[in-house]
Amino acid sequence: MKEHYTENISSEAGFEQVYKTHFKPLYAYARTMVRDGDAAEEIVQQVFFRLWEKREALDIKETLRGYLYRSVFHSSMNYLKHLKVKETHARHVMNETPYENTVMQNLEAKELEKRLAGALAKLPEKCRTIFQLCRFEELKYKEVAEQLNLPVKTVENEMGKALRLLRLSLADLLPVVLLTFHLLWTTTYW
C-alpha cells in the first residue's frame, strides 16, 4: 500500500511525531552517504528545520517519507560537494602558498639584513663590537667584558646604547616586520 502525505506537520505534536518516526532512519541514510556521524546529524536536523519553517507553504505531492529521503539525499550531496571544494582549496593553498611565502620571506629577510647592517655600521665602534659579541656570538656581558678588558657596567651601558640607536634607525621597519610575522604565522598555522 502506497503511503500518502497524510501526516499533520503543522502542529507541534504532529511534527514531533514525524520527527520521532523518521529521524533515526534518515540519520542512518545520511551517514551512509557522508560517512560522518556529526555531519549526518546536522544534515537531518537541517532538513527537519526547513520542513518546520516551510510547513505552511509546502505542497508535497508524494509521501512525506519520500520527500524527507529526497531532501536528505540532496543535502548530503551538497555537503559532499562542499567538502570537495574545501579539500581542493586546501590542496591549492598547500601547494602554492609555501613558494609565495618563501619568496616573500627571502626578499624581506634580505631587506632586513641590509637595513640592519647599515644601522650597525652607523654605531660607534665600541658599541658595535659589544653588540655583535653579545647578539651574534651569544656571549654574556661578563664574557664580553673579560674579552675586551672592560668593566661589566660599561658593556651593559654600551648594549643599552646600541639597542636604543638600532631601535631608532629601524623604527620604520617595525610595522613591516610585525606584518610579516603575522602573515607567516597565520598562513603557516591556520
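Annotations
- Residue within region 10-28 that is surrounded by fewer than 14 Cβ atoms within 10 Å (Cβ to Cβ), of a type in the set (Asp, Glu) and part of a loop (DSSP other than H, G, I, E, B) present: no
- Residue in region 32-40 that is closer than 14 Å to HIS74 by Cα, open to solvent by 70 Å² or more (accessible area, probe 1.4 Å) and not polar (S, T, N, Q) present: no
So that you can scan it fast, the table gives a plain yes or no per residue for (1) modelled with pLDDT under 85; (2) out of contact with any Pro (no Cβ under 7 Å at 6 or more places or on another chain); (3) within 30 Å of GLU41 (Cα to Cα):
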{"residue": "LYS84", "(1), (2), (3)": "no, yes, yes"}
{"residue": "ALA90", "(1), (2), (3)": "yes, yes, yes"}
{"residue": "LYS142", "(1), (2), (3)": "no, yes, no"}
{"residue": "LEU178", "(1), (2), (3)": "yes, yes, no"}
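- Residue within region 36-43 that is on the phi > 0 side of the Ramachandran plot, outside any helix (DSSP H, G or I) and modelled with pLDDT of 90 or more present: no
- Segments classed as helices (runs of 4 or more DSSP H), wholly inside region 101-170, with at least 2 members that are among the polar types (S, T, N, Q): 125-135, 152-169
- The residues of region 49-66 that are touching a helix residue (DSSP H, G or I) at 6+ places or on another chain (Cβ under 8 Å), open to solvent by less than 100 Å² (accessible area, probe 1.4 Å) and not in a loop (DSSP other than H, G, I, E, B), listed by number, are ARG50, LEU51, TRP52, LEU64.
- Per-region count, region 92-121, residues at pLDDT below 80 and surrounded by fewer than 10 Cβ atoms within 10 Å (Cβ to Cβ): 3
The values are calculated or read from the model by the stated rules, or taken from the named source; none is laboratory data. Just so it is clear, the model here is predicted, and its values are computed rather than measured. As a convention, Cβ positions derive from the backbone with ideal geometry for all residues, glycine included, and neighbour counts pool all protein chains shown. These accessible areas exclude ligands, DNA and RNA; they are computed on the full protein's heavy atoms, side chains included. Shrake-Rupley method; radii C 1.70, N 1.55, O 1.52, S 1.80 Å.
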